[in-house]
Structures are given as C-alpha cells and as structure tokens.
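One structure below.
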Amino acid sequence: MTLKMDADPAEAGFDANRLARIDRHFARYVDDGRLPGWQIVVTRHGKLVHVSEYGQRDIEAAKPVEPGTLWRIFSMSKPVTSVAAMMLFEEGAFDLPDPISRWLPEFAQPRVYVKGSALNPLTEPATGPIRVWHLLSHTAGLTYGFHHAHPVDAMYRQAGFEWGAPQGLDLAACVEKWAELPLVFQPGAEWNYSVSTDVLGRLVEVVSGQPLDEFFAQRIFTPLGMTDTSFGTDDLERLAAMYVPQPGTRRAVRNEAFAKVGIGRPDFFSGGGGLVSSAADYHRFTQFLVRGGELDGVRLLGPRTVALMTSNHLPGDADLEEYGRPLFAEMPFNGFGFGLGFSVLKDPVKAKTLSSRGEYAWGGAASTAFWVDPAAGVTALFFTQLLPSSTHPIRQQLRQLVYQALLAA
C-alpha cells in the first residue's frame, strides 16, 4: 500500500507554498550528503496533506526512496508494544499497579545499585516491586547498555547488551539476564530510557500465551491492515540501507554491522526496537491513535485508554528535565513528560515548540520519528536510516516547518 495526498492543503488549513518548505529544507540534507534519503507524511483530520520522498534508500546501489520503502523503526516499536499491553489491560488481565513478578518471577527480588564499579557493585534490596506502569513509563530502574553513563550500563554491556542482544537468546532469556542485574534506582523513583518496553513485551507473551510476533500479527497488524510491519523482513529489495555519520564531515556512510538488523526473523523479539515497517503502515497506526483506538471500523482500544496512555504519568506532573536522568532519549526533556509508551508535551513554551499541549510522540534510533497532535488534528511521520538519531535536529525542524504552514485553527 502506498500513500497519496487526498486533500487540498488549503481545505485542511495549510498553506501549500509554506508546506513546500519542508521538502526544500530536508532536500539539502541529502544534497550535501548528511542523509541518504527520506520520506515524510503529514495529515490533518485524517486527510493526507503532504506526502513526499527524496534521495536514496541505498546510495551505493542507486536505489531511490520509494513509497513502499521499508524502514527499521527501532524505538517506534515501543508504542506498538505499549498498545499490546493496554489491550490486555482492557481485558482485565492485570492492573497497572500490579507487581510484574506475578508473571515474571525472575523480578521477585530486584536489587538496586548503591555504589561501586561495574565489576564490584554494592547493591541493596528494592524497597518496592517493579509495577506494570513502571515498565510502560520507563520508571522501573532498568537501563540500556549504550548509555555509557552509569556502572549498571557497563554491566549490561558486559552481559552482551549494548545495541541488541547476544546471538541465540530469545526474549525470555534476555529478560532473565536483565533481572539478574541491579536496577539503576528504586522502582518509580526516576525516569531512565531503558529495556523496560522489551520486558513489557515479555509480559505480553506470558499473559497472552502467545509469542510477541504472533500477538502483534494477529491482534494489531492484521486488524489495522499493517501488512508491511514485522520483526525483520526478507524483502531486502525494499529495505533501506543503514548509514552513520562520518566523523568530521558528518556525511552519511554505509554501516554493514547495523544493516544486519531487521534482516530475517530474529531470535529476540524486541518490543523496544525490533520492528521493520513502512510509511503507509505506520500512518495507519497513527490514525488509529488519533481516532481514539479505532480505524476503519476496527477498535483495538477504548478512547479512555488512549487518553490515559497519552497523559503524563511522571509523579507530580513533572517533565523529563525535572524527573529524568540527563541521558540519550528520543525526545528533548524540557517541557515534555512521559505517558504509557509516549512522550507527552506539557508546556510548548518551555519546550520552545510550535506544537500543541497534549502532543504525544516518539522516534527511533535511525532518525525516524512521529507525533500525534490531537488538539490540532495533525500527525506527522519522518523516515530515514541514519544512526544515531541525535546526529541532526530533524524532529525539531520538522515541527517548525509543519506548524509554520498551518494557518487555520
């Protein structure tokens, strides 16, 4: 399935000439070599007002970005996993404050880092359990090996978890390994971007009795018509190549090690970062969200559940700047809180953005991104394959360019 504009931008409140600034701006990224290519989708009130592609999905093979190009969406997998968990929540399978050890007994007695090195850490027992909502909101005390900011991060790397998982380990085995490592902080005490969503994916498996790939396919992707989305793909002709910035010049250069991600069926179903998708598919996912959990007559979530997921769950209604650790994440911290699977915009002035209060969003490590702005009725998607996503200010610039073109309320 491909996407085509189906509305006059003016009828949707956009100035077409101003929308054209989006493509002109991001074309420069390709023309000067900073990005290989990209795909952009903007909607308002469900109507496609801007759809464009530019550059190459594979520079070396001279293959252009096409409407059906497949992209590794990395952490844009997290909202999908969060939706899966909340579908089970709606069925009464668990309450959000429930300890996860009811289903994942390996977390029955977590320990928390106090001091010391990665080789000789001092830990203490957790004062309370890891709860389901902690996984959804990244407040469980888990971490990522790639942070390189804390001794526990180093312990993850020593165990083989930096950008992925050791070969041969499935999701259950990975979760058991993580449970053996100390938490960075007491559950619920802070916010830290982490493998929480991968643990949540394992919770979905145990509660549902299905492997995560099967649950996603049967309960989410097939009902929503997301025919291109899965854990890995064998369609290498459509899959974009992977690039990283060259030190010094920041030109995009091919990276074969990261290119292996997303090819074929993995051992480890990473609900935190393992999906491959297309613009058309993720567009359907964002429309399902902005419509309150329903698309084309198929309802997967109730509107009150979507509203709960996209509310700020940080204690005291704090933002990430106040509550989070100053580490890598897929969004800025100032003015943004965090819900159950999404960043949530609390204060546009503090965030210095043109987007609306209540916008929810996330992105992926290869510089992909999306947001949903219920107040303005706007959704936006950006796809490319440049890792890491902190290389260029793509997301902030895309917001500026979309909203400067929106003239009508």
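The values are calculated or read from the model by the stated rules, or taken from the named source; none is laboratory data. This one's a predicted model, so the numbers in the text were calculated from it and none came from an experiment. Ideal geometry is used to build each Cβ from the backbone, glycine not excepted, and the neighbour counts take in all protein chains shown.
Listed conditions (1) closer than 27 Å to P36 by Cβ; (2) at pLDDT below 95; (3) of a type in the set (A, V, I, L, M) are all met by L320, apart from (1). A count restricted to segment 146-182 and to residues that are hydrophobic (A, V, I, L, M, F, W, C) and over 20 Å from the mean Cα position of the chain (by Cα) stands at 11. Of the residues making up segment 358-368, one or more are farther than 26 Å from R72 by Cα, surrounded by fewer than 23 Cβ atoms within 10 Å (Cβ to Cβ) and of a type outside the set (K, R).
Checking every residue in segment 96-117 against the condition of being under 30 Å from T229 (Cβ atoms), assigned to a strand (DSSP E or B), in contact (Cβ under 8 Å) with a residue 40 or more places away in the chain and not aromatic (F, W, Y) gives zero matches.
Counting only strands (runs of 3 or more DSSP E) that fall entirely inside segment 220-318 and contain at least 2 residues that are closer than 24 Å to L48 by Cα, the qualifying elements are 275-278.
Per-residue answers, yes or no, for (1) part of a loop (DSSP other than H, G, I, E, B); (2) in contact (Cβ under 8 Å) with a residue 40 or more places away in the chain; (3) not polar (S, T, N, Q):
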site: A20; (1), (2), (3): no, no, yes
site: R28; (1), (2), (3): no, no, yes
site: G33; (1), (2), (3): yes, yes, yes
site: V51; (1), (2), (3): no, yes, yes
site: W71; (1), (2), (3): no, yes, yes
site: P79; (1), (2), (3): no, yes, yes
site: A84; (1), (2), (3): no, yes, yes
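Tallying residues that are in contact (Cβ under 8 Å) with a residue 60 or more places away in the chain, hydroxyl-bearing (S, T, Y) and loosely packed, with under 15 Cβ neighbours inside 10 Å within segment 209-263 yields 2.
Filter segment 122-154 down to the residues that are within 20 Å of G201 (Cα to Cα) and either assigned to a loop (DSSP other than H, G, I, E, B) or of a type in the set (S, T, N, Q) (or both) and list them by number. The answer is P129, I130, S137, H138, T139, A140, G141, L142, T143, Y144. In segment 37-59, how many residues are of a type outside the set (A, V, I, L, M, F, W, C) and out of contact with any helix residue (DSSP H, G or I) (no Cβ under 7 Å at 6 or more places or on another chain)? Number of matching residues: 5. Inspect all residues belonging to segment 73-95 and state whether any of them is touching a strand residue (DSSP E or B) at 6+ places or on another chain (Cβ under 7 Å), among the acidic types (D, E) and either crowded, with 24+ Cβ neighbours inside 10 Å or at pLDDT 95 or above (or both). No; the residues of segment 73-95 include none that is touching a strand residue (DSSP E or B) at 6+ places or on another chain (Cβ under 7 Å), among the acidic types (D, E) and either crowded, with 24+ Cβ neighbours inside 10 Å or at pLDDT 95 or above (or both). Checking R57 against (1) surrounded by fewer than 22 Cβ atoms within 10 Å (Cβ to Cβ); (2) at pLDDT 95 or above, which test does it fail? (1) is the only condition that R57 fails.
Considering only residues that are out of contact with any Gly (no Cβ under 8 Å at 6 or more places or on another chain) and assigned to a loop (DSSP other than H, G, I, E, B), look in segment 1-18 and name the one that is surrounded by the most Cβ atoms within 10 Å (Cβ to Cβ).
Start the filter on segment 1-18 by keeping residues that are out of contact with any Gly (no Cβ under 8 Å at 6 or more places or on another chain), which leaves 3-18.
Filter once more, keeping what is assigned to a loop (DSSP other than H, G, I, E, B): 3-8, 13, 15.
Details: L3: 20, K4: 8, M5: 15, D6: 11, A7: 16, D8: 11, G13: 17, D15: 15.
Checked segment 1-18; the qualifying residue surrounded by the most Cβ atoms within 10 Å (Cβ to Cβ) is L3.
Before we move on, is E205 of a type in the set (D, E) and modelled with pLDDT of 95 or more? Yes; evaluated as a whole, the condition is true for this residue.
For the condition of a type in the set (A, V, I, L, M) and closer than 22 Å to N192 by Cβ, what is the one hit in V112, V49? Talk me through it step by step, then tell me what you get.
Values: V49 fails: closer than 22 Å to N192 by Cβ.
Step by step, each of V112, V49 is checked, and only V112 is of a type in the set (A, V, I, L, M) and closer than 22 Å to N192 by Cβ.
Residue-wise test of (1) over 17 Å from the mean Cα position of the chain (by Cα); (2) part of a strand (DSSP E or B); (3) in the same structural domain as K47 (by the TED database).
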site	(1), (2), (3)
N334	yes, no, yes
V344	no, yes, yes
V349	yes, no, yes
L354	yes, no, yes
G358	yes, no, yes
A376	yes, no, yes
F382	no, yes, yes
Q396	no, no, yes
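Looking across segment 125-160 at every residue that is over 19 Å from G339 (Cα atoms) and among the hydroxyl-bearing types (S, T, Y), the one that is surrounded by the most Cβ atoms within 10 Å (Cβ to Cβ) is identified as Y144.
Looking across A173, A159, A165, one residue alone is among the small types (G, A, S) and touching a Cys at 6+ places or on another chain (Cβ under 8 Å). It is A165.
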